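Asker: Got a structure for you, questions after.
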Amino acid sequence: MNPLTPATTNAAPWSLCVYCGSRFGDLAAYRETAEATGRLLAQSGGRLVYGGGRVGLMGAVADGALEHGASVVGVIPDALMKREVGHAGVQELHVVQNMHERKMLMAEKSDAFLALPGGIGTMEEIFEMWSWQQLGYHAKPVGLLNVAGYYDALIEFLRVGLDRGFLSPEQHAALLVDDDLPRLMDALRTRALVVRASAAPSDYSQT
């Protein structure tokens, strides 16, 4: 399947938290995929929850969602807002005091989590959601999109962790990894709606 092919349309509403870089990176595919993520999310009836920025891939995914009619929720720390990197065009922009508040609010407003290419912030955020899932703080699905091989080395590292006994097979499999955007978004949406229908509680107060 072409990674930019439209996903399911007229689907049940859901909220997807997207983590990604505040830079564009060195390949056009990163920006194109970020824009496509916003577009496909809109076409699937979804709402975007993200870090509230207007720069880099963060801005691209928000613009892609907005241009195709999706609701967008941004959550940004006050320090970044003061540096004028907040996206003024989103329908809902929460300015919080620190990064912990940002991550908590984004988690609470989301049904699933997806990482696109990004730096240490992106990786820290998706790993935290994966860790919180393992600890039972939530049951929401967590995904990693491997665009143009960007996460090849990380995926191999996780395989090493599995082989060396530091990750269980269940923990390893809980992170949904794919290089096909529509397929991964469909998997996240399907699992997210199952979790939401089961009324599985999320408790972030222990973090």
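Please treat every number below as a calculation from the coordinates, not as lab data. These figures come from a predicted structure and were not determined experimentally. Virtual Cβ from ideal backbone geometry, glycine too; neighbours counted across all protein chains shown.
Asker: In nm, give the distance between the simple-model label positions of Arg83 and Ala153, each being 7 Å from the Cα along the Cα-to-Cβ direction.
Answerer: 2.4 nm
Asker: Just tell me, in residue order, which DSSP H segments of the chain are both 18 angstrom or longer along the helix axis (alpha-carbon based) and at least -0.5 in mean Kyte-Doolittle hydropathy.
Answerer: 28-43, 120-134, 181-197
Asker: I would also like to ask the following. Under 29 Å from the Cα of Lys82, which lysines turn up, not counting those fewer than eight places away in the same chain?
Answerer: List returned: Lys103, Lys109.
Asker: What is the extension gain from Glu101 to Ala139, computed as 0.36 nm multiplied by their sequence separation minus the C-alpha to C-alpha distance, in nm to one decimal?
Answerer: Length difference between fully extended and current span is 11.7 nm.
Asker: Moving on to the next point. Work out how much length Ser168 to Ser202 would gain on full extension: take 0.36 nm times their residue separation and subtract the Cα-Cα distance, in nm to one decimal. Mind dumping the intermediate values first?
Answerer: Values: separation 34, 0.36 × 34 = 12.24 nm, distance 2.25 nm.
Length gained, Ser168 through Ser202: 10.0 nm.
Asker: Just order 34-45, 171-182, 17-28, 150-161 by mean Cβ neighbour count inside 10 Å, highest at the front, would you? Spell out each step's value before the answer.
Answerer: Numbers: 34-45: 23.9, 171-182: 17.2, 17-28: 19.8, 150-161: 13.9.
Result, highest mean Cβ count within 10 Å first: 34-45, 17-28, 171-182, 150-161.
Asker: Starting from the Cα-Cα distance between Phe127 and Ala28, subtract it from 0.36 nm times their residue separation and give me the gain in nm to one decimal.
Answerer: Contour length minus the Cα-Cα distance gives 33.1 nm.
Asker: For the residue pair Leu93 and Ala187, what label-to-label distance in nm results when each label sits 7 Å from Cα along the Cα-to-beta-carbon direction?
Answerer: Going by the 7 Å Cα→Cβ label model, 3.5 nm.
Asker: Additional query: Contact order normalised by length for segment 14-194, with contacts defined as Cα pairs under 8 Å and 6 or more residues apart; what percent is it?
Answerer: On the way: 345 pairs, mean separation 40.1, N = 181.
Once divided by the residue count of segment 14-194, the mean separation gives 22 percent.
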